[in-house]
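**Q** Right, I'll just put the structure down here and ask away after.
The values are calculated or read from the model by the stated rules, or taken from the named source; none is laboratory data. Keep in mind it's a predicted model, so treat the numbers as computed, not measured. A quick note on method: Cβ atoms are made from the backbone with ideal geometry, for glycine too, and the neighbour counts reach across all protein chains shown.
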Amino acid sequence: MSDDTNDIFANNDDSTQGDKPSDPSLDFGDEFGLVKFADDESAPAISFPDNPADQLPHWTQAPTGEIPKFIEVAEDTISPTPSYGNSRSNVNVTGSSRRIEPNNPPAPVSRDQRESRISIGTDPTDERNRPNSLVASQSDASGNNPKPTRPAQVTRTRPSGRSDSGTGPRSPQRSRTPISARQDSASARDLPTATAVGALLGAVYIAATIFGPVAVMVLLILALGLASFEFFTQTSSTGYQPAMIVGIAGCVAAPLAAYWIGDAALPLVFVFSFIAGAVSFIGTRSVESGPVPNLGLTMLGIVWVGLFGSYGALILRLSNSGPGFENIGTDTLFLVVVGVIANDVAAFFVGAATGRTPLRAWISPSKTMEGFVGGAIGTFVVVIMVGLQSDTWTKLSQWLIIAFVISIIGPLGDLTESMFKRNMDIKDFGTLLRGHGGALDRFDSMLFVLPVVYYVTLVLTPWAS
């Protein structure tokens, strides 16, 4: 403590020793200021009343459980500290004067169920989510609730009379012919006319074969051009809008490039055909032109007619391989054409006479398992007979392989074409060839056979024998 503080306490001691009463205050200077002390004669700070009942109980005493006098006892008041063994009284939480007894609860309040309520993430058309009034209205007299019926499906109509695919105006609805009527019409084909047309085509082809591969190539280009024209014309009449010019050009350019350069030129033809088709749809005014289905249909025609037909040109190109190979291509293609014709004719007559089991009834009920077997037998017979006269295909094993390929792949191509016609609801792709339909109807089986026979020829190499 500082010297000044010691002096203060020393002066205080000196002042208490004098006769005069001492000052009860001390001045601690600037640090603490003036401090005053109480006199001895001052009244006590805490006083208690004389009535002992008003005094607080000692803390060691047990609680009495009595309510203080300054709190009014109400009916619904709960003691904050109930005594041991006493039950807590009920509390009125409703704000009213009526008490709620736990043993006698009031009846629950009934509320009307909200109707036409839709919950997010649920199906409002589900029977479980329908209003009770709808189910009750469908109850019968016996009180049974029948299964609610779903509302009729809403069909959206397209403006401007466009078809469902959005590719163009829908053509007038064609009347579908019953299956039995189609089968009868197939059996009632004009055989004399079909035979005469077939004989004429055969004579023209034989004459072209005698002239050489170039003449046969001209016939092949004409047949593929007509087939592609028929395909794109019929698809356009059913409501689609394929790129017809691009499709026909691709179907003709593919066999020409194959005969001129070889199979290495085919990818280039299809790439440019796809680009040209895409550009033709890019130039349209809106997406209503249907670029996806129509460009896909364009490429379908190019692949089916153009690519498959190009393998006929590749077979003919084998005759240009050098000296000694002049007849390889023409002999092979002739064997294929004769085998396919034999398969079609034998399958038709055998199926019409004994056919009972359709190959695929939903595609063509006139094509039967019996006709398939009869066509295979006719193919083997004719291929072997023609092979005996051939200078290129001279082995029985080679004849059997070619006949087997034609017997399996030929009917597959015929079913594929019939499937496309059934899907587009047309009878024939064309009417150019009386009794046969169009060029595509006549050469549908051959288009599937040509690629397989070409690669079989490269593997067997009949000229090596």
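**Q** With the checklist (1) assigned to a helix (DSSP H, G or I); (2) of a type in the set (A, V, I, L, M, F, W, C); (3) at pLDDT below 90 in hand, flag the one item Leu316 doesn't pass.
**A** It fails just one condition, (3).
**Q** For residues in the stretch 336-392 being among the aromatic types (Phe, Trp, Tyr) and closer than 22 Å to Lys427 by Cα, which is surrounded by the fewest Cβ atoms within 10 Å (Cβ to Cβ)?
**A** Going through the qualifying residues, I end up with Trp362.
**Q** Kindly indicate which of Gly378, Gly387 is touching a residue at least 24 places away in the same chain (Cβ under 8 Å), over 30 Å from Ala265 (Cβ atoms) and over 46 Å from the mean Cα position of the chain (by Cα).
**A** Step by step, each of Gly378, Gly387 is checked, and only Gly387 is touching a residue at least 24 places away in the same chain (Cβ under 8 Å), over 30 Å from Ala265 (Cβ atoms) and over 46 Å from the mean Cα position of the chain (by Cα).
**Q** Among (1) outside any loop (DSSP other than H, G, I, E, B); (2) farther than 14 Å from Val337 by Cα, which single condition is Ser445 missing?
**A** Going through (1) outside any loop (DSSP other than H, G, I, E, B); (2) farther than 14 Å from Val337 by Cα one by one, Ser445 breaks only (2).
**Q** Scan the stretch 412-465 for residues that are of a type in the set (A, V, I, L, M) and closer than 30 Å to Asn320 by Cα and report the count.
**A** The number of residues fulfilling the criteria is 13.
**Q** Let me ask you something else. Please pick out the residue among Gly355, Gly371 that is over 31 Å from the mean Cα position of the chain (by Cα), farther than 21 Å from Phe448 by Cβ and among the small types (Gly, Ala, Ser).
**A** After applying the criteria, what remains is Gly355.
**Q** Working only within the stretch 432-458, note down all residues that are without any contact (Cβ under 8 Å) to a residue 12 or more places away in the chain and surrounded by fewer than 17 Cβ atoms within 10 Å (Cβ to Cβ).
**A** Correct list: Tyr455, Leu458.
**Q** Checking the condition within 16 Å of Glu230 (Cβ to Cβ), surrounded by fewer than 20 Cβ atoms within 10 Å (Cβ to Cβ) and of a type in the set (Lys, Arg), which residue from Lys427, Lys395 passes?
**A** Result: Lys427 is the single residue among Lys427, Lys395 that is within 16 Å of Glu230 (Cβ to Cβ), surrounded by fewer than 20 Cβ atoms within 10 Å (Cβ to Cβ) and of a type in the set (Lys, Arg).
**Q** May I pose another question? What residue, of Asn327, Asn320, is surrounded by 18 or more Cβ atoms within 10 Å (Cβ to Cβ), under 17 Å from Ala464 (Cα atoms) and over 42 Å from the mean Cα position of the chain (by Cα)?
**A** Within the list Asn327, Asn320, the selection yields Asn327.
**Q** Given (1) touching a residue at least 60 places away in the same chain (Cβ under 8 Å); (2) part of a helix (DSSP H, G or I); (3) more than 20 Å from Gly378 (Cα to Cα); (4) touching a Lys or Arg at 6+ places or on another chain (Cβ under 8 Å), identify the lone condition not met by Phe429.
**A** Of the numbered conditions (1) touching a residue at least 60 places away in the same chain (Cβ under 8 Å); (2) part of a helix (DSSP H, G or I); (3) more than 20 Å from Gly378 (Cα to Cα); (4) touching a Lys or Arg at 6+ places or on another chain (Cβ under 8 Å), the odd one out for Phe429 is (2).
**Q** Quick one: count up the residues across the stretch 305-317 that are among the hydrophobic types (A, V, I, L, M, F, W, C) and touching a Ser or Thr at 6+ places or on another chain (Cβ under 8 Å).
**A** 3
**Q** Has the stretch 412-422 got at least one residue that is of a type in the set (Phe, Trp, Tyr), surrounded by 21 or more Cβ atoms within 10 Å (Cβ to Cβ) and out of contact with any Lys or Arg (no Cβ under 7 Å at 6 or more places or on another chain)? Give the steps one after another, and end with the answer.
**A** Going through the stretch 412-422, the residues of a type in the set (Phe, Trp, Tyr) turn out to be 420.
Still in the running and surrounded by 21 or more Cβ atoms within 10 Å (Cβ to Cβ): none.
Checking the stretch 412-422: not a single residue is of a type in the set (Phe, Trp, Tyr), surrounded by 21 or more Cβ atoms within 10 Å (Cβ to Cβ) and out of contact with any Lys or Arg (no Cβ under 7 Å at 6 or more places or on another chain).
**Q** Also, quick follow-up: Could you tell me whether any residue of the stretch 305-313 is among the aromatic types (Phe, Trp, Tyr), surrounded by 15 or more Cβ atoms within 10 Å (Cβ to Cβ) and under 21 Å from Asp444 (Cβ atoms)?
**A** Scanning the stretch 305-313, I find at least one residue that is among the aromatic types (Phe, Trp, Tyr), surrounded by 15 or more Cβ atoms within 10 Å (Cβ to Cβ) and under 21 Å from Asp444 (Cβ atoms), so the answer is yes.
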